[in-house]
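The values are calculated or read from the model by the stated rules, or taken from the named source; none is laboratory data. Quick caveat: nothing in here was measured; it's all calculated off a predicted structure. All Cβ positions, glycine included, derive from the backbone under ideal geometry; neighbour counts span all protein chains shown.
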Amino acid sequence: MVQGFRQIARNEHLPARIAAQFAERIHRGDIKPGDKLPTEHALSQTFGVSRTVIREAIAQLRNEGLVETRQGIGAFVIERQARHIRLGDGGQMDKHAFTDLYQLRVPLEIEAAGLAALHRSDEQMQMLDAALAKMNSSIDWNTEGVAADLEFHRIIALATGNHYFDQFISAVADRVGHAIVTAREAIMFDEIMAITIEEHGAIRDAILTQDAHAARDAMRRHLKGSAHRVGLELEFFG
């Protein structure tokens, strides 16, 4: 199964590019439902990356609903009817298509934040805090930081209590993940870390106090800032 993959260039968002190669082969039928993915060691050798990168790539595939992981056994491809929504690879879109996709993210994420404030559980708050703490402590923001950022948004989608938010937001977030990397490469590390954590912290605080309006406003501010940092001109209302 490891034949046919290519090594990943160091200037790419490694987990996302590896996940994209697997997703392409799964959708082509080269890797079939029920097939077990190679071990982390084998994949790290194939792609020339660390096992941490491989784990994050598999986590992305799991979030997209393409694989499931079984403790102590490995990762397996899921039957097609059980899969989540998947969009085209964001790294291959032109600027107009990417802007449109990011625009779609705006109403979904804002509404999700408000609903999460109303319906979140104590366990989901603990999960949000863990994701925020991981963002704060990440050394490599192009791997650990991006994964924690996307996980933060996925937990908010889960906290809405509406599984369609989880499916759509996970699909969109996975495709725009490389833009987060671009933003972090464009400005100073300390600056982007402080901005990102401050914005996510405001969202977390509003959800904790179950203030739906404040949560929506905090998410809107974050999305505006995030879009600006990657050079996108989006339309915001309200």
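Filtering region 93-134 down to residues that are assigned to a helix (DSSP H, G or I) and among the acidic types (Asp, Glu), which residue is surrounded by the fewest Cβ atoms within 10 Å (Cβ to Cβ)?
Filtering first and then ranking leaves Asp122.
Yes or no: region 100-123 includes at least one residue that is over 14 Å from Arg154 (Cα atoms), among the charged types (D, E, K, R) and within 18 Å of the chain's Cα centre (by Cα).
Yes, there is a match, as at least one residue in region 100-123 is over 14 Å from Arg154 (Cα atoms), among the charged types (D, E, K, R) and within 18 Å of the chain's Cα centre (by Cα).
Check off (1) outside any helix (DSSP H, G or I); (2) modelled with pLDDT under 85 for Glu68 and give me the number that stays unchecked.
Tallying (1) outside any helix (DSSP H, G or I); (2) modelled with pLDDT under 85, Glu68 fails exactly one: (2).
Results for (1) at pLDDT 90 or above; (2) surrounded by 22 or more Cβ atoms within 10 Å (Cβ to Cβ); (3) not hydroxyl-bearing (Ser, Thr, Tyr), shown as yes or no for each residue.
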| site | (1), (2), (3) |
| --- | --- |
| Asn136 | no, no, yes |
| Ala157 | yes, yes, yes |
| His163 | no, no, yes |
| Asp174 | no, yes, yes |
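Given Ala16, Ala23, Ala57, Ala42, which one is in a helix (DSSP H, G or I) and touching a Gly at 6+ places or on another chain (Cβ under 6 Å)? Full working, then the answer.
On the way: Ala23 fails: touching a Gly at 6+ places or on another chain (Cβ under 6 Å); Ala57 fails: touching a Gly at 6+ places or on another chain (Cβ under 6 Å); Ala42 fails: touching a Gly at 6+ places or on another chain (Cβ under 6 Å).
None of the others qualify; the one that does is Ala16.
Only one of Arg28, Arg51 is surrounded by fewer than 14 Cβ atoms within 10 Å (Cβ to Cβ), of a type outside the set (Asp, Glu), at negative phi and at pLDDT 85 or above. Can you tell me which?
Arg51
Inside region 29-72, can you point out the residues that are without any contact (Cβ under 8 Å) to a residue 24 or more places away in the chain, in contact with a helix residue (DSSP H, G or I) (Cβ under 9 Å, 6 or more places away or on another chain) and of a type in the set (S, T, N, Q)?
Ser44, Ser50, Thr69 - these are the residues of region 29-72 that are without any contact (Cβ under 8 Å) to a residue 24 or more places away in the chain, in contact with a helix residue (DSSP H, G or I) (Cβ under 9 Å, 6 or more places away or on another chain) and of a type in the set (S, T, N, Q).
Which ones in region 73-87 are touching a helix residue (DSSP H, G or I) at 6+ places or on another chain (Cβ under 7 Å) and either modelled with pLDDT of 90 or more or not aliphatic (A, V, I, L, M) (or both)?
Scanning region 73-87 gives Ala75, Val77, His84, Arg86.
Name the single residue, out of those in region 139-155 being of a type in the set (Asp, Glu) and modelled with pLDDT under 75, that is farthest from Met219 (Cα to Cα).
Going through region 139-155, the residues of a type in the set (Asp, Glu) turn out to be 140, 144, 149, 151.
With the extra rule that they be modelled with pLDDT under 75, the set shrinks to 140, 144.
Details: Asp140: 24, Glu144: 22 Å.
For region 139-155, the residue satisfying everything is Asp140.
Residue check: is Ala183 surrounded by fewer than 21 Cβ atoms within 10 Å (Cβ to Cβ), modelled with pLDDT under 85, touching a Ser or Thr at 6+ places or on another chain (Cβ under 8 Å) and not in a loop (DSSP other than H, G, I, E, B)?
Answer is yes for this residue.
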